[in-house]
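To start, the structure under review is shown below, and the notes come after it.
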Amino acid sequence: MEGLFDNLLIIILVLIIQIGLISAEEKVERYKIEGKVTISGEKNSDWVSETKVIVEGGIYVGFLRPDGSFTIRDVPAGSYIVEAISPNYLFEPVRVDISGRAKGKSRARKVNFLQNSAVVQVAYPLRFKAKAPAPFFEKRETWNIKDMLFNPMIIMMVLPLLLLLVLPKLISTADPETQKEMQSSMNMFNQSKDLPDISDWFAKNLSGFTKKKTASKAPVKKPLIGRKR
């Protein structure tokens with residue numbers, strides 16, 4: 001008997017808690033988000049049925065009327081990101097702030113994920129305008145002469161040719177003193193008079209080495225010892 005009495009008490013307590021939670025939820029005031037979606041230019045005949053408005057990724061969903069207007073009801077006070085979703089058009093999302101202290105006064109502002117505190121207000125009720133058609137295909141790359149000119153291989157080939165063409169003209173137009181200075185600076189790098197030619201050096205050394213090698217490999221003739229007759 002005592003066990004049954006304890007179980008009944010637990011069930012009664014759970015029911016009381018659930019009733020309290022339900023009554024608290026009922027006391028929370030609910031508000032609405034309203035606005036209109038418009039598409040300029042050519043549009044599909046089914047764009048109204050294909051477009052919907054979602055709040056916070058789909059927690060609340062609203063559908064369009066024939067004129068493009070919408071109303072999302074039973075939304076508690078808070079800050080929400082509202083988006084218009086369409087398979088053929090792109091819309092810019094908006095953040096809506098609903099104040100519970102001001103009895104549901106709403107304010108709309110641009111979405112800024114980097115600086116959430118930055119406020120750039122937009123019109124309310126909301127006005128969603130198609131930003132651009134939804135891109136389904138990537139544009140094919142076209143040939144551009146800049147891509148060829150700024151190619152590293154082309155630059156490596158063209159720059160030396162330009163230097164060969166421009167430097168002689170610069171030297172010819174320079175003053176005699178500057179020409180002498182440039183000649184002296186070039187002679188500093190040109191040390192062919194003091195140093196032997198590399199090809200001659202290799203030829204002499206390698207020829208001597210090959211001669212020694214052939215001489216060492218030559219067979220030694222043994223003297224023939226004959227019998228005296």
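Values quoted throughout were computed directly from the atomic coordinates according to the rules given, and no laboratory measurement underlies them. Keep in mind the model is a prediction, meaning the values are calculated, not measured. Every residue, glycine among them, receives a Cβ derived from its backbone with ideal geometry; neighbour counts consider all protein chains shown.
See the values below:
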item: Net charge of Cβ neighbours under 12 Å - reference Ile154; Lys, Arg +1; Asp, Glu -1; result: 0
item: FRET efficiency estimate (nearest 0.05) - Cβ-Cβ, Phe136 to Lys32, R0 30 angstrom; result: 0.30
item: 5 angstrom amide H check on Val111, placed H, neighbours 5+ away; result: Arg95
item: Potential lengthening between Lys146 and Val120 on full extension [0.36 nm per residue; Cα-Cα distance subtracted]; result: 5.4 nm
item: Zone of Thr178's modelled label, taken as backbone nitrogen in the stretch 139-167 under 19 Å from a point 7 Å along Cα→Cβ; result: 163-167
item: Backbone HN-Hα couplings from phi across the stretch 150-165 [Karplus 6.51/-1.76/1.60, Hz, Gly and Pro as x]; result: 8, 5, x, 5, 5, 5, 5, 7, 7, 4, x, 5, 5, 5, 5, 7
item: Under-5 Å amide H pairs with Leu126, H placed in peptide plane, nonlocal only; result: Glu34, Gly35, Lys36
item: Residue-span extension gain [Asp74 to Leu8] - 0.36 nm each, minus C-alpha spacing; result: 20.1 nm
item: Karplus 3J(HN,Hα) series, Hz, for the stretch 46-53 with 6.51 cos²θ - 1.76 cosθ + 1.60 (x for Gly, Pro); result: 9, 5, 5, 6, 7, 9, 9, 10
